[in-house]
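J.: Here it is, the structure, as structure tokens.
The values are calculated or read from the model by the stated rules, or taken from the named source; none is laboratory data. None of these values were measured; they are calculated from a predicted model. Here the Cβ positions follow ideal geometry from the backbone for every residue, glycine too, while neighbour counts run over all protein chains shown.
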Amino acid sequence: MSSDKSSTLLADVSVEGDIVEKDKIIIDAKISGDIKSENIETHLNSNIKGNIKTKQASLGGKLKGNVNADQINIRKTADIDGVLNQKTLSIEEGATLKIKTQTHK
């Protein structure tokens with residue numbers, strides 16, 4: 001079903017502008033713009049300048065922007081500067097963070 005669908009942006013991709021993906025997006029690219037998707041996964045080479053709106057975020061690259069999600073998982077490879085607004089938050093040891101966070105119900 002739709003949970004198996006995903007789009008992938010690899011390290012050699014650079015996008016200027018907003019991205020909207022209905023299902024899952026995997027990002028290892030440079031993005032300047034906001035991202036909206038059901039599920040967002042960023043990897044080591046990702047460099048995002050923009051806001052993220054999603055249900056589930058797994059963050060592992062550079063992000064300068066705000067994240068609004070039900071669930072945020074910050075991996076040890078993450079470098080995040082922004083405001084996080086989430087229901088649940090998990091952070092792996094080793095992540096570089098300059099954040100404010102707020103939990104919503």
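J.: Looking at Leu44, is it over 14 Å from Ala69 (Cβ atoms), within 12 Å of the chain's Cα centre (by Cα) and surrounded by 13 or more Cβ atoms within 10 Å (Cβ to Cβ)?
T.: Values: over 14 Å from Ala69 (Cβ atoms): yes; within 12 Å of the chain's Cα centre (by Cα): yes; surrounded by 13 or more Cβ atoms within 10 Å (Cβ to Cβ): yes.
In short, yes.
J.: Which residues, counting only those in the stretch 69-89, are more than 15 Å from Thr42 (Cα to Cα) and out of contact with any His (no Cβ under 8 Å at 6 or more places or on another chain)? Walk me through it before giving the result.
T.: Here is the first cut: in the stretch 69-89, the residues more than 15 Å from Thr42 (Cα to Cα) are 70, 82-89.
Hits for the stretch 69-89 are Asp70, Gly82, Val83, Leu84, Thr88, Leu89.
J.: Name the single residue that is modelled with the lowest pLDDT among those in the stretch 70-105 being of a type outside the set (A, V, I, L, M, F, W, C), part of a loop (DSSP other than H, G, I, E, B) and more than 21 Å from Ser37 (Cβ to Cβ).
T.: Out of the qualifying residues, it is Lys105.
J.: Follow-up. So, in the stretch 53-62, exactly how many residues are within 14 Å of Ser37 (Cβ to Cβ) and assigned to a strand (DSSP E or B)? Spell out the reasoning first.
T.: First, the residues of the stretch 53-62 that are within 14 Å of Ser37 (Cβ to Cβ): 53-59.
Filter again for assigned to a strand (DSSP E or B), leaving 53, 56-59.
Final tally of qualifying residues: 5.
J.: Here is a further query. Being surrounded by fewer than 16 Cβ atoms within 10 Å (Cβ to Cβ), within 13 Å of the chain's Cα centre (by Cα) and either of a type in the set (D, E, K, R) or at pLDDT 95 or above (or both): is that true of Asp34 here? Spell out how you get there, then give the answer.
T.: Numbers: surrounded by fewer than 16 Cβ atoms within 10 Å (Cβ to Cβ): no; within 13 Å of the chain's Cα centre (by Cα): yes; either of a type in the set (D, E, K, R) or at pLDDT 95 or above (or both): yes.
No.
J.: What number of residues in the stretch 1-31 are assigned to a strand (DSSP E or B) and either exposed (fewer than 13 other Cβ atoms within 10 Å of the Cβ) or among the polar types (S, T, N, Q) (or both)? Give the steps one after another, and end with the answer.
T.: The first filter runs over the stretch 1-31 and keeps only residues assigned to a strand (DSSP E or B), leaving 6-9, 14-16, 19-27, 30-31.
Applying the additional criterion that residues be either exposed (fewer than 13 other Cβ atoms within 10 Å of the Cβ) or among the polar types (S, T, N, Q) (or both) yields 6-8, 14, 16, 20, 22.
The qualifying residues number 7.
J.: Out of contact with any helix residue (DSSP H, G or I) (no Cβ under 6 Å at 6 or more places or on another chain) and exposed (fewer than 13 other Cβ atoms within 10 Å of the Cβ): does that describe Lys76?
T.: Values: out of contact with any helix residue (DSSP H, G or I) (no Cβ under 6 Å at 6 or more places or on another chain): yes; exposed (fewer than 13 other Cβ atoms within 10 Å of the Cβ): yes.
Judged against the criteria, Lys76 is a match.
J.: For the stretch 7-33, how many residues are touching a residue at least 24 places away in the same chain (Cβ under 8 Å) and over 16 Å from Asn45 (Cβ atoms)?
T.: So the answer is 1.
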